[in-house]
Amino acid sequence: QILVVTFTKAATEELRERIRQGLQQALNGLRQPELEADPLLLELLARQSDPEAARAFLDDAQVRLDEAAVHNIHCF
């Protein structure tokens with residue numbers, strides 16, 4: 001579990017979108033590693049002993065992202 005806090009509502013939305021993009025990039029890397037360009041992400045994906053479980057975890061995280069605690073400092 002991660003709590004993410006930013007200072008403004010605009011930053012909150014930007015951060016939520018960046019998290020969403022990162023999850024999608026990780027899923028794409030699991031599906032087609034030859035197309036993934038981020039070396040750090042490639043390294044992390046290569047360490048997965050069960051790619052199917054990692055894929056299911058990332059799919060679930062993507063679906064539940066709207067429930068994630070990403071707030072500005074006033075909401076926190």
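The values are calculated or read from the model by the stated rules, or taken from the named source; none is laboratory data. Only a predicted model underlies this, so the values are computations on that prediction, with no experimental measurement involved. Cβ sites come from the backbone with ideal geometry, for glycine too, and all protein chains shown count toward neighbours. Heads up: the accessible areas ignore ligands, DNA and RNA and are worked out on the full protein's heavy atoms, side chains in. Shrake-Rupley method; radii C 1.70, N 1.55, O 1.52, S 1.80 Å.
Rounded to 0.05, the FRET efficiency of the residue 2 and residue 52 pair, given R0 = 22 Å and the Cβ-Cβ distance, is 0.40. Seen against the Cα atoms of the chain and their longest principal axis, helix 9-31 is set at about 10 degrees.
Over the chain, DSSP H runs of length four or greater, each weighted -39,500 (n - 2.57), average out per residue to a 222 nm ellipticity of -19000 deg cm²/dmol. Using bins of 10 Å that start at zero, the share of Cα-Cα pairs per bin across the chain amounts to 18, 43, 28, 11, 0, in whole %. For the peptides 20-27, 51-58, the ranking by packing is 20-27, 51-58, with the highest mean count of neighbouring Cβ atoms within 10 Å listed first.
Can you give me the % of accessible surface on the chain that is carbon or sulfur? Probe 1.4 Å, all protein chains present, nothing else counted. It would help to have the intermediate numbers written out before the result.
Numbers: 3240 of 5740 Å².
Accessible surface attributable to carbon and sulfur in the chain totals 56 percent.
Ordering 62, 42, 2 by Cα displacement along the dipole of the chain toward the positive end leaves 2 in first place; charges were set at the Cβ atoms of Lys, Arg (+1) and Asp, Glu (-1).
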